[in-house]
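What follows is a short report on a single structure.
The values are calculated or read from the model by the stated rules, or taken from the named source; none is laboratory data. In this text the structure is predicted, and so the values were computed from the model without any measurement. Cβ coordinates were reconstructed from backbone atoms using ideal geometry, including for glycine residues, and neighbour counts include every protein chain displayed.
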Amino acid sequence: MNRYTKQTLVESLIRLSMALVVGVLALIIGMTLYKGGLVLWNQPEVVITAPGPMYLLGGSGGFLHAILGSFAIVLPATLIATLLALAVAMYLQTDYCSERFARAVNLLLYVLWGTPAIVYGVFVLTLLIVMEARASLLAALVAVTLLQFPIIARFMDEALRSVAANLKESGYSLGLTRLETMKITLKAALPGLTAGVIMGFARGLGDGAAVLFTAGGGINMPNELDDSATTLPILIFQQASSPYPSVRDDAFAAAFVLMMLVLGLIVVSKLIANHFSRYTQDH
Amino acid sequence: MSDNAAIRTENLNLFYTGGHASQALKDINIAFPANRLTTIIGPSGCGKSSLLKSLNRLHDIHQNTRIEGEVYLGGEPVYQSRRPVPDIRSRIGYVSQKPTALPMSIYRNVAYGPRIHRSLGKAELDDLVETYLRKVNLWNEVKDRLHSPAAQLSVGQIQRLSLARSLAVEPEVLLCDEVTSALDPISAQKVEETLLQLKEDYTIIMVTHLMHQVERLADHVVFVYLGEVVEAGEARTLLNHPGKEATRRFVSGHAMPDVALRATA
């Protein structure tokens, strides 16, 4: 085949794939935004109203309980996962452990990252059964932490690894201790570290499987740690499988809110990364 | 000569262990005279940087290295020492080949080391930052933006900032690893001018592969080849009347045998 024909052919296939992917994405996002937007336009109060007693059966009220539930579970989960991941990622650097050990741990982290979220859900559920406890906000928090930890840890490890070796050398040769040098490394890696936290947060916020069996899924407002709780993905699951059309429509509104939250998070992470990258050398 | 040596090595051996095991330095016995500028010259991959980094225990931060022998800093052992390694390193400044800005402001880059080692007031720190930025001829270029990120400076400015940062810790010896190799000719010249001024007050040990730089700056020269010190002495003597054939070949710009086979970092 002629070189130029080959180029045209391959590039056409690339364009086609691109169009397909973007088209599907646009369809999903567009439909959610349109149908969800319509519901929210007509009844914006669903976002700030607690559900009525018959909410999932077409009754009155909104889904404030799921929005609050999401934050009550995912915010502390992200905080705990971040602290654990940061400690692990710091330890995996050459300053602290051997390359062989770091490679082994990273392999395990990849495996955990690839583990379906439902496995974490079932794991925590098993614990609950053993401990004769009920599904609760706390149980969901644990499941989400487990889900987020490998993601954040891998991101942070990569971010720390990408810090130039000569930055560390400069730190050490100023007479800094290992910890003081690590502080500088952390600062240089801040854009990447932030990205890791946000990715973990977004994943935790959007995941349904980890919390499906562990959160409880009631329509009460989240109050105590051992209360049943609902997150947006659980709510969308409940609404979408409802026989009532009005409830199914609300699922789009909930999906709209979830999408906006994730989008907001990503924008915030970009802003933070931009702010800190002024301090990182690019030459 | 060893009487006024600022730093000297005794039977220093460096081994890279692990996957590509090799011996990078072999029985190095060399004294670096105080308040002079000594250049370490030699073909690439022959142990110049390895020798430099073994003087301030910088190999310690990497896995897979092993050191035998000793380095004496003003008569005090560097390796078999009870003092914490960071305390020892703070007495030996080091500027790397790649200009490096710490991820903070220009001011904090200079103030960072001193603040950790000594307790200083705001006014003292301000003075100190100005003193060292002037010492490296950077003050006039940055005095109006001391608090902006150091990463925004040019590479040449960052290299002079690295010098100021190292000097601010008040080391007894300053190690420079091919400090001009990443710079354009004008920036390189500015760094050289700075080093010429600094060598009045400091013991400087500098790795370079530029013979012109050696001629312009060096008081003393150490020629390293295949991990061994072939010859060391007064710059003029060594450059004009090399005692060994290998030295003669290198300083006159001849190809060195065996080098390509042993190209390492």
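Take A:Ala273 and tell me if it is in contact (Cβ under 8 Å) with a residue 24 or more places away in the chain and within 14 Å of another protein chain (Cβ to nearest Cβ). Here the answer is yes, as A:Ala273 does meet what is asked. Annotation note: of A:Ile266, A:Ile198, the sole residue that is surrounded by fewer than 17 Cβ atoms within 10 Å (Cβ to Cβ), touching a residue at least 12 places away in the same chain (Cβ under 8 Å) and under 14 Å from the mean Cα position of the chain (by Cα) is A:Ile266.
For region B:139-147, the criterion of being facing another protein chain (nearest Cβ under 10 Å) and under 24 Å from the mean Cα position of the chain (by Cα) is satisfied by no residue at all. Looking across A:Gly59, A:Gly23, A:Gly30, one residue alone is surrounded by 14 or more Cβ atoms within 10 Å (Cβ to Cβ) and not aliphatic (A, V, I, L, M). It is A:Gly59. For region B:143-191, which residues satisfy the criterion of being assigned to a helix (DSSP H, G or I) and of a type in the set (A, V, I, L, M, F, W, C)? Hits for region B:143-191 are B:Ala150, B:Ala151, B:Val155, B:Ile158, B:Leu161, B:Leu163, B:Ala164, B:Leu167, B:Ala168, B:Ile186, B:Ala188, B:Val191.
For region A:167-180, the candidate set comprises residues that are surrounded by fewer than 23 Cβ atoms within 10 Å (Cβ to Cβ) and more than 7 Å from chain B (Cβ to nearest Cβ); within that set, the residue that is nearest to A:Asp95 (Cα to Cα) is A:Arg178.
In region A:119-126, the count of residues that are more than 28 Å from A:Leu179 (Cβ to Cβ), within 17 Å of the chain's Cα centre (by Cα) and among the hydrophobic types (A, V, I, L, M, F, W, C) is one or more.
The residues listed here are B:Gln97, B:Gln189, B:Gln152; of these, the one that is surrounded by fewer than 23 Cβ atoms within 10 Å (Cβ to Cβ), free of Cβ contacts under 8 Å to residues at least 12 places away in the same chain and within 10 Å of chain A (Cβ to nearest Cβ) is B:Gln152. B:Asn35 meets the conditions (1) of a type outside the set (D, E, K, R); (2) over 12 Å from the mean Cα position of the chain (by Cα); (3) surrounded by 19 or more Cβ atoms within 10 Å (Cβ to Cβ); (4) closer than 30 Å to B:Leu239 by Cβ in every case but one. The failed one is (3). May I ask you to verify whether A:Met156 is assigned by TED's automatic domain parsing to the domain that holds A:Val88, touching a helix residue (DSSP H, G or I) at 6+ places or on another chain (Cβ under 9 Å) and in a helix (DSSP H, G or I)? Against the criterion (assigned by TED's automatic domain parsing to the domain that holds A:Val88, touching a helix residue (DSSP H, G or I) at 6+ places or on another chain (Cβ under 9 Å) and in a helix (DSSP H, G or I)), A:Met156 qualifies.
Taken together, the residues in region B:115-142 that are farther than 21 Å from B:Leu195 by Cα and part of a helix (DSSP H, G or I) amount to 9.
Every test in (1) surrounded by 21 or more Cβ atoms within 10 Å (Cβ to Cβ); (2) among the hydroxyl-bearing types (Ser, Thr, Tyr); (3) free of Cβ contacts under 8 Å to residues at least 40 places away in the same chain; (4) away from every other protein chain (no Cβ under 13 Å) is passed by A:Ser241 save one, and that test is (1).
Residue selection: A:Thr82 satisfies the criterion of being under 18 Å from A:Arg154 (Cβ atoms), buried (at least 17 other Cβ atoms within 10 Å of the Cβ) and either of a type outside the set (A, V, I, L, M) or touching a strand residue (DSSP E or B) at 6+ places or on another chain (Cβ under 6 Å) (or both).
Would you check if B:Thr100 is among the β-branched types (Val, Ile, Thr), touching a Leu at 6+ places or on another chain (Cβ under 9 Å), assigned to a loop (DSSP other than H, G, I, E, B) and farther than 24 Å from A:Lys187 by Cβ? No, not satisfied.
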